[in-house]
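Working notes for the structure below.
Coordinate-derived values only; no laboratory data. Keep in mind the model is a prediction, meaning the values are calculated, not measured. Here the Cβ positions follow ideal geometry from the backbone for every residue, glycine too, while neighbour counts run over all protein chains shown.
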Amino acid sequence: MDRSDKNTTPDQITPEHVYLSRRNFIRAGVFAGSAFVTGSIYQAFRPRRETVETAPIENVSASSVGEQATPFEEIANYNNYYEFSTSKSGVASRAKALLTRPWAVTVDGAVAKPQTFDIEDILKIEQEERIYRFRCVEAWSMVVPWVGFPLAKLLAMVEPASNARYVAFTSHYDPRIMSSPAVAGIDLPYVEGLRLDEAMHPLTIMATGLYGKLLPNQNGAPLRLVVPWKYGFKSIKSVVKITLTENEPPTTWNIAAPSEYGFYSNVNPDVSHPRWSQKKERRLGETGLRDTLPFNGYGEEVAALYDGMDLRKYF
Ligand SMILES: Nc1nc2c(c(=O)[nH]1)N[C@H]1C(S)=C(S)[C@@H](COP(=O)(O)O)O[C@H]1N2
Ligand SMILES: [Mo]
């Protein structure tokens, strides 16, 4: 396929390099990490590539996540993207107006080599499939087969300076197609942040797709952050700017309600939201409630990042 065809909408494109590099990734045998999809799951998934967009993946129970992936239709039609709508079912149709080509992402700040990347070049970075649990602060959750790459790879390209301690992210904001801050109820553009060590952690990815296809607009096309041990609002969508900073950057939901949403926002069943418990969650597509796990089940990988920190204070 001629990938320079700007008239093709992103969801019609299945970039071949995604599959090629994914095969290489499997061959390299780098699935040791507990959160990574296993080769056998991938083998079950890959032949279904043409139909999987609308069908649930079957037999995912052997996955290292140990849980069935949420159907594509659920993931793509139950969204939080306040720039388009505060109604979860209203985002997908309004987000069709988002034009994701051309798309530039600037990475700057406390770095030796600030750069503006074209999305086509970002897509040339080796893409991997990661099946992650995703837990919204509103107590719903899902299991998402993301396609993406470690944020650490992108940060390495700009060479973080020794005074860089945090990473600030900014979403695209176009008031011609998006709500005003007054209507959205939050400051815009949407901004988020991570500590540099969180950003460099191998579980932290920039997602470019899900279910083996480029991201639907409503899920944050063409590039969104995914930090699986934190509440979903940290996973900022449609990123246009990444800035390394010395000081903790402002974050949208912390600005909106500082007593309800902290900077860290690690999934923590023991720290209630002021208005609801975080002990349980409803998995999209299911009726009952599941227990919410500390760090969303990724504690073994990430708890050490917070050694010595009072996670009730730094919530
Ligand atoms: N720019 C932007 N990013 C955002 C949001 C948003 O409103 N705007 N919502 C956040 C919240 S609260 C959640 S739960 C996830 C939802 O991602 P999904 O729609 O792909 O499930 O996106 C996060 N990223
Ligand atoms: Mo959320």
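Could you list all residues from the range 186-214 that are part of a helix (DSSP H, G or I) and either surrounded by 22 or more Cβ atoms within 10 Å (Cβ to Cβ) or touching a strand residue (DSSP E or B) at 6+ places or on another chain (Cβ under 8 Å) (or both)? Step through it out loud before you land on a result.
Of all residues in the range 186-214, those part of a helix (DSSP H, G or I) come to 196-200.
Of everything in the range 186-214, those that are part of a helix (DSSP H, G or I) and either surrounded by 22 or more Cβ atoms within 10 Å (Cβ to Cβ) or touching a strand residue (DSSP E or B) at 6+ places or on another chain (Cβ under 8 Å) (or both) turn out to be L196, E198, A199.
Return the pairs, sorted by first residue and then second, in which the second residue is among the aliphatic types (A, V, I, L, M) and not in a strand (DSSP E or B), the first residue lies in the range 230-247 and is more than 12 Å from ligand 1 (Cβ to nearest atom), the beta carbons are less than 6 Å apart, and the residues are 6+ apart or on different chains.
Every condition considered, the pairs that remain are L244/A110; L244/A164.
If you go through the range 167-183 one residue at a time, how many are among the hydrophobic types (A, V, I, L, M, F, W, C), within 13 Å of ligand 1 (Cβ to nearest atom) and crowded, with 20+ Cβ neighbours inside 10 Å?
Total satisfying the criteria: 2.
In this structure, does N217 turn out to be surrounded by 19 or more Cβ atoms within 10 Å (Cβ to Cβ) and within 22 Å of V167 (Cβ to Cβ)?
no
When the residues of the range 246-273 are filtered to those that are within 13 Å of ligand 2 (Cβ to nearest atom) and not in a loop (DSSP other than H, G, I, E, B), which remaining residue is farthest from G109 (Cα to Cα)?
H273
Could you check the range 78-93 and list, in sequence order, the residues that are in contact (Cβ under 8 Å) with a residue 60 or more places away in the chain, away from ligand 2 (no atom under 11 Å from the Cβ) and under 20 Å from P222 (Cβ atoms)?
E83, F84, S85, V91, A92
Based on what the data block shows, is E138 part of a loop (DSSP other than H, G, I, E, B) and within 16 Å of ligand 2 (Cβ to nearest atom)?
Yes.
Just the residues that are within 16 Å of ligand 2 (Cβ to nearest atom) and either in a loop (DSSP other than H, G, I, E, B) or in contact with a strand residue (DSSP E or B) (Cβ under 6 Å, 6 or more places away or on another chain) (or both), please, taken from the range 172-185. Walk me through it before giving the result.
If we filter the range 172-185 for residues that are within 16 Å of ligand 2 (Cβ to nearest atom), which is where we start, we get 184-185.
Scanning the range 172-185 gives a single hit, G185.
For the range 126-157, enumerate the residues that are away from ligand 1 (no atom under 15 Å from the Cβ) and of a type in the set (D, E, K, R).
Within the range 126-157, E126, E128, E129, K153 qualify.
Select from the range 248-285 the residues that are touching a His at 6+ places or on another chain (Cβ under 9 Å) and of a type in the set (F, W, Y) and list them in ascending order.
Y261
For the range 231-245, which residues satisfy the criterion of being farther than 20 Å from I119 by Cβ and either within 15 Å of ligand 2 (Cβ to nearest atom) or within 11 Å of the chain's Cα centre (by Cα) (or both)?
Of everything in the range 231-245, those that are farther than 20 Å from I119 by Cβ and either within 15 Å of ligand 2 (Cβ to nearest atom) or within 11 Å of the chain's Cα centre (by Cα) (or both) turn out to be Y231, G232, F233, K234.
Could you grab me the full set of residues in the range 281-302 that are within 14 Å of P269 (Cβ to Cβ) and of a type in the set (A, V, I, L, M)?
Listed by number, the residues that qualify are L289, L293.
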